[in-house]
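First comes the structure, then the notes that go with it.
Every number in this text was worked out from the coordinates using simple rules, so none of it is lab data. Please read these numbers as outputs of a predicted model, since none were measured by experiment. Glycine gets a Cβ as well: all are built from the backbone with ideal geometry, and neighbour counts include every protein chain shown.
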Amino acid sequence: MRAVLRVVAGLILVTGGVLSLAGGVVAWVLGGQRTDSGGGDQGAFVATLTPLHTDGYSIVVPDVADVLAHHGVGRYLGDGRLTVTVRSSPARPADQIVVSLVPAADAVRHLSGTARTEIRAVGYSSGDQPVQTRSVPGGAPMRPTPWEPDELAGQLVTVSLDVPASEPTALVIRRADGAADFTVAVTVGFAPSSWGTATTVLLITGGLGTLTGLALLVLRRPWIDADHPLLAEPDYSDGVGTTHGPGRVASAGDVGQLPEPEVRPHASLYVHTAT
């Protein structure tokens, strides 16, 4: 029974260790593909979105963290720092753009009734990430944005957000001159906070589990039952080979009191067969 348990435990450890090692190697390879996101975050996973265009006055992501959570890969990266880099359209590089991260409730109140394009979801592909958008009809903004001190303007603007955020946060992109009809290129980088730690833990636990399991399978020794009848030591002190168990020596008081040996058929190690 002990031998069976030893084999089962060894197989479980080897299987778990190999899976853990495989996960660690995959995480290490993917981690090696990380680059600078453009916002100063080294080691971020970077993806470029398809060019974003609006006929209205702004491009809005109503809840940045929610879009990331529904992305095909982003949902598995956990907590970390999200960096969004916005560039003017190559066709109109002189256009100045303004990018803001603002509380989602403030964005809804200010942009209500204005023409804009909302980003509802970001898909996953090997190249530029496809974007699902919705055009919201309306007019021009009637008043300046209430979060102007927090805005960043330029031909290339980068903003960062820690995910998860303390409250829903919207991303608002518009032209600095307040005009409508513009296109931007957006690059998103995400740096998971615990990626390196998780990779190290997977590699170490996988290696230890695999080695321990192999040791149980390869270095196991056969289990010997010391009480097996064939291992009992015979006592020849009375001239008859009577067994008294392993290591027992018959005393003088045992002589003459030994029970008659039980005769069993076919007690010999050889089996006699009729021919």
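Would you mind ranking F45, F190 by Cβ crowding within 10 Å, fewest neighbours first? Show your work: numbers first, answer last.
Working: F45 20, F190 24.
Listing F45, F190 from fewest to most nearby Cβ atoms yields F45, F190.
Suppose R0 equals 41 Å. What FRET efficiency, 1/(1 + (r/R0)^6) with r the Cβ-Cβ distance, do H53 and V25 give to the nearest 0.05? Spell out each step's value before the answer.
Details: r = 41 Å, r/R0 = 1.00.
Taking R0 as 41 Å, the efficiency between H53 and V25 is 0.50.
Per residue, how big is the convex hull around the C-alpha atoms of the range 37-192? Give it to me in cubic angstrom, could you? Show your work: numbers first, answer last.
Numbers: hull volume 16.0 nm³, N = 156.
It is 103 Å³ per residue.
Among residues other than D55 whose Cβ falls under 10 Å from its Cβ, what is the net charge (Lys/Arg +1, Asp/Glu -1)? Spell out each step's value before the answer.
Details: positive: R116; negative: D181.
Computed value for this residue: 0.
Using Cβ contacts closer than 10 Å as the measure, can you line up R174, R6, R87 from fewest to most?
Numbers: R174 27, R6 15, R87 18.
Ordered by Cβ neighbours within 10 Å, fewest first: R6, R87, R174.
Treat the count of other C-beta atoms within 10 Å as a stand-in for reagent exposure and order V86, V102 from fewest to most. Please list the in-between numbers first.
Values: V86 24, V102 18.
The most exposed by this proxy come first: V102, V86.
Pop the C-beta distance of S126 and V218 into the FRET formula with R0 = 35 Å and round what comes out to the nearest 0.05. Before the final figure, lay out each step's value.
Values: r = 43 Å, r/R0 = 1.22.
E(calc), rounded to 0.05, equals 0.25.
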